[in-house]
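This report concerns only the one structure given below.
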Amino acid sequence: MLNTILQSSESPATNLLIAHGLYGSARNWGVIAKRLSDRGPVIAADMRNHGLSPWYDTHSYPDMAGDLAEVIEEEMTAPADVLGHSMGGKAAMVLALSRPELVNRLIVADIAPVGYKHTQIQYIDAMRAVNLSQIEKRSDAEAQLADHVEDKTLMSFFTQSLDLKEKRWRLNLDVLARDMPKILDFPEVSGTFDGPVLFLSGAKSDYVRREDRDLIKGLFPNAQFAKIPGAGHWLHAEQPRDFEAAVRAFLDGHADP
């Protein structure tokens, strides 16, 4: 089963499950998870082929949705609230569409149920180019990544998945590279999810377009849309307090079952 990090709570609100995006980890969500745990237990999961979770030879959204379903069934009280960012948002959508009985409310952070033409393979190439035998601290890796990655925030983000002791990436780069077309795409899933859904986007991001809304409404009839000013695709890292406030307002605004 996926590796998870629990933020326990004495409050009775519905459990919240967080699914991170590509190249991320549960640890990236530590501050937000801890702050939201004042309203109920929060579990952040390392997705397959990421963090401390097992490595598998597949990285499809039905597989990832199945992983999340297992976490809810084994570690949480169903139905759970589910929050997913980017890749994790797609996995959360597939979970809600295929196993709606496990999902209470759904928050999809800066992603739509569509295929994308851009690629993230260049970052795998950058990580593969790092000579791990020469790495003693994260800044050593960032110095090498600087030859391939311009954004310093991204360099810091990637090195959070670096196991310095073992001199290895905690990312299954080979499988992620091979299955990149699946990660960029969205599978055909029958059915709808009729529970409350928030599509929360960065105002500076173009990942969730207005022309996608009819498709989204067809799958998620009760979807709402909101944007966070000043944020791009990494909205939870760029504007964490505004992101937390939006998530809290949505969850508190829809009664528990």
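The values are calculated or read from the model by the stated rules, or taken from the named source; none is laboratory data. The shown structure was predicted, so the numbers you read here are calculated from the model rather than taken from an experiment. Note: ideal-geometry Cβ built from the backbone for every residue, glycine included; neighbour counts use all protein chains shown. Surface areas here come from the heavy atoms of the whole protein model, side chains and all, with no ligands, DNA or RNA. Shrake-Rupley method; radii C 1.70, N 1.55, O 1.52, S 1.80 Å.
Heavy atoms only, 1.4 Å probe, whole protein assembly: order T119, T159, T77 by accessible area, highest first.
Numbers: T119 60, T159 0, T77 95 Å².
Most to least solvent-accessible, the answer reads T77, T119, T159.
Full-extension gain between Y116 and N222, please, as 0.36 nm times their residue separation minus the C-alpha to C-alpha distance. Write down the numbers at each step before the final one.
On the way: separation 106, 0.36 × 106 = 38.16 nm, distance 2.39 nm.
Stretched out fully, the Y116 to N222 stretch lengthens by 35.8 nm.
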**Request:** Compute the label zone of T77 within segment 84-106: residues whose backbone N is under 16 Å from the point 7 Å along Cα-to-Cβ.
**Result:** 102-105
**Cα Rg over Rh - segment 42-131, Kirkwood** = 1.01
**Fill in**
Out of N3, V82, G30 - ranked by how far each Cα lies towards the positive end of the dipole of the chain, with unit charges on the beta-carbon of charged residues - the top one is G30
**Over the chain: helical MRE at 222 nm, DSSP H runs n ≥ 4 each giving -39500 (n - 2.57), nearest 500** = -10000 deg cm²/dmol
**Complete:** Per segment 145-245, sqrt(5λ) over the Cα gyration tensor eigenvalues, sorted largest first, in Å, gives 31, 20, 13
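Return the carbon/sulfur percentage of the accessible area of the chain, one whole number, probe 1.4 Å, all protein chains in place.
Details: 5560 of 11400 Å².
The C+S portion of the solvent-accessible surface of the chain is 49 percent.
Rank K34, K227 by accessible area, highest first, at a 1.4 Å probe radius? Before the final figure, lay out each step's value.
On the way: K34 130, K227 105 Å².
Sorted descending by solvent-accessible area, the residues read K34, K227.
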**Prompt:** Stretched out fully, how many nm does the piece from L154 to R210 gain, at 0.36 nm a residue minus the Cα gap?
**Reply:** 17.4 nm
**Request:** Ignoring everything but the protein chains, give the 1.4 Å probe accessible area of Y56 in square angstrom, nearest 10.
**Result:** 80 Å²
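I'd like the trypsin sites (Lys or Arg not before Pro) in segment 120-165 restricted to DSSP loop residues with at most 14 other Cβ atoms within 10 Å, sorted by number. Provide the component values of the computation, followed by the final result.
Values: sites: R128, K137, R138, K152, K165; in loops: K137, K165.
When the trypsin sites (Lys or Arg not before Pro) of segment 120-165 are filtered for loop state and at most 14 Cβ neighbours within 10 Å, K137, K165 remain.
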**Prompt:** With charges set only on the Cβ (+1 for Lys and Arg, -1 for Asp and Glu), what does the dipole of segment 64-223 come to about its Cα centre, in debye to the nearest 20?
**Reply:** 320 debye
**Item:** Charge tally in the Cβ shell below 14 Å around S60, where Lys, Arg are +1 and Asp, Glu are -1, S60 excluded
**Value:** -2
**Item:** trypsin sites (Lys or Arg not before Pro) restricted to DSSP loop in segment 47-118 with at most 14 other C-beta within 10 Å
**Value:** K117
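Listed here are the pairs K117/K152; K182/K204; K90/K182; K182/K217; which of them are more than 19 Å apart at the Cα? Before the final figure, lay out each step's value.
Working: K117/K152 24 Å; K182/K204 25 Å; K90/K182 11 Å; K182/K217 23 Å.
In this structure, K117/K152; K182/K204; K182/K217 lie more than 19 Å apart at Cα.
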